[in-house]
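Peer 1: Structure below; questions to follow.
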Amino acid sequence: MLPDPTPDHAVRLLSADVDATELLETAARLRDEGHGRTITYSRKVFVPVTTLCRDTCTYCTFVKPPGNGGEYLTPDDVLAIVRAGDEMHCTEALLTLGDRPEDKWPQAREFLDRHGASSTIEYVAMMSELIREETGLFPHANPGVMTDEDMIRLRPTNVSMGMMLENISDRLTEPGMPHHNCPDKIPAVRVETIRAAARQKVPFTSGILVGIGETPAEVVDSLFALRDLQAEGGQIQEFIIQNFRAKQNTRMRNSPEPEIPYFIRVVAVARWILGAEANIQVPPNLTDDFEVYLAAGINDWGGVSPLTIDWVNPEAPWPHLEKLEQLTNDHGFELRPRLPVYPEYLDDEWIDLELLPAALSAATDDGYAAIPETTTV
């Protein structure tokens, strides 16, 4: 068992020159200590509220300009997706969008005006209300940088919210780096959003993106930053450790992706740093043999949809839920569906009092998602 983590030791463990056996054993032991042999996932539909954004990250294909795919979903579009998801017993409506496009694109402002919304965040709130009124799904808003006021507006209809930290290093915002001229990717701005979630008692999902030009030391610094934020406010219900995938038609299309042995070390180091109780997720659609991360200490596969594509990584299909269950079981674990909010946050401290009864009624006695037994996993 490794000793308590330090930044220097963590960086050393990310080196291929250091044997990873003890690291992996420690990560697996910590996961079992905190979560037993249960691996969770959220049965979701992906709702791309708008593909417009004011940022221009060099690896992103989700964001598009007006006239070339950049648009908003109408209320009817949103309802068509979530109603189909409701029929397939999904419990999460993941609302993903670009940051504040109305600050850059007149077309965004025109759409919002036509639909009676003062801002894109206001439109997300309106769509969240529509989803709750018309379906049994629970919105999980992922709109980028948010203020306290934004979270107050969204909290009555969203059981959880999220925003990736990605990396704590300001170096990645310098000229030639992936977050240059992206005001919403400034680390201090993103940290303040995560802190706002603690102030407003919002169960929050965050994490890091590995392979966009950061150093191993910057990976470690980012994990310690997230650990410190969680120690401050207890709001981070889930930590996503995500590997960069190069995409065509982006400036980083020829950039190397993180090698799987290195990324496995990152996942295990994350478990070591973040601790036994942390919920740690790796997206299963971004690695062919994704089951390797079970040995690195994860306890969650994140949102997986039986219906919609991953709009952020459209080239990477979700594994079929039957395969996800089989591979998880084959490695000695039980796969269980969860709500967008984790069981330990399903109470009147973290969930709006008007929303809590519906969330509790959709959960099992131990706080997981109550999916009908006739439904595949």
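Quick note: the coordinates plus some simple rules give every number you see, no bench work behind them. These numbers were taken from a predicted model, which means no experiment stands behind them. So basically every Cβ, Gly included, is an ideal-geometry build from the backbone, and we count neighbours across all protein chains shown.
Peer 1: What nm distance separates the two modelled labels at D348 and D288, each placed 7 Å from Cα along Cα→Cβ?
Peer 2: The two pseudo-label positions are separated by 5.3 nm.
Peer 1: Still on this structure: What dipole magnitude, in Debye to the nearest 20, does the chain give about its Cα centre under +1 on Lys/Arg Cβ and -1 on Asp/Glu Cβ?
Peer 2: 800 debye
Peer 1: Between segment 261-319 and segment 12-58, what is the separation of their alpha carbon centroids in Å?
Peer 2: 5 Å
Peer 1: Along the charge dipole of the chain, Cβ charges K/R +1 and D/E -1, which of P175, A225, A295 sits furthest on the positive end?
Peer 2: Farthest towards the positive pole: P175.
Peer 1: Given Cβ point charges of +1 (Lys, Arg) and -1 (Asp, Glu) and nothing else, what value in debye, to the nearest 20, does the dipole of segment 65-106 about its Cα centre take?
Peer 2: 100 debye
Peer 1: By counting other Cβ atoms within 10 Å of each Cβ, how are W311, W105 ranked from fewest to most?
Peer 2: So the residues, fewest neighbours to most, are W311, W105.
Peer 1: Another question about this same structure. Using the count of nearby Cβ atoms within 10 Å as a rough guide to exposure, how do C53, C90, C182 rank from fewest to most?
Peer 2: Going from least to most buried by this count: C182, C53, C90.
Peer 1: With +1 on each Lys and Arg Cβ and -1 on each Asp and Glu Cβ, and nothing else charged, work out how big the dipole of segment 1-121 is about its Cα centre, in Debye to the nearest 20.
Peer 2: Here the size comes out at about 340 debye.
Peer 1: In terms of modelled amide H atoms, which long-range or inter-chain residues lie less than 5 Å from the amide H of A141?
Peer 2: Those lying under 5 Å, H to H, from A141 are L95, S160, G162.
Peer 1: Most mobile of R31, R199, R227 per a Gaussian network model of the chain (Cα springs, under 10 Å)?
Peer 2: Ranking R31, R199, R227 by mean-square fluctuation puts R199 first.
Peer 1: Further question on the same structure: Looking at the chain as a GNM with Cα springs under 10 Å, which of Q200, Q281, Q235 has the largest mean-square fluctuation?
Peer 2: Ranking Q200, Q281, Q235 by mean-square fluctuation puts Q200 first.
Peer 1: In the chain, if the dipole is taken from +1 on Lys/Arg beta carbons and -1 on Asp/Glu beta carbons about the Cα centre, which of S15, I371, Q237 is farthest to the positive end?
Peer 2: It is S15.
Peer 1: Tell me, what HN-Hα J-couplings in whole Hz come from the Karplus equation 6.51 cos²θ - 1.76 cosθ + 1.60 at θ = phi - 60° for each residue of segment 344-352, using x for Gly and Pro?
Peer 2: 6, 9, 8, 8, 6, 6, 9, 10, 3
Peer 1: By counting other Cβ atoms within 10 Å of each Cβ, how are I240, I152 ranked from fewest to most?
Peer 2: I152, I240
Peer 1: So which lysines can K64 reach, going by Cα to Cα under 26 Å and dropping same-chain residues fewer than 8 places off?
Peer 2: K44, K104, K185, K247
Peer 1: Can you pull the semi-axes for the chain, root of five times each eigenvalue of the Cα gyration tensor, sorted largest first, whole Å?
Peer 2: Ellipsoid semi-axes (Å, largest first): 30, 25, 19.
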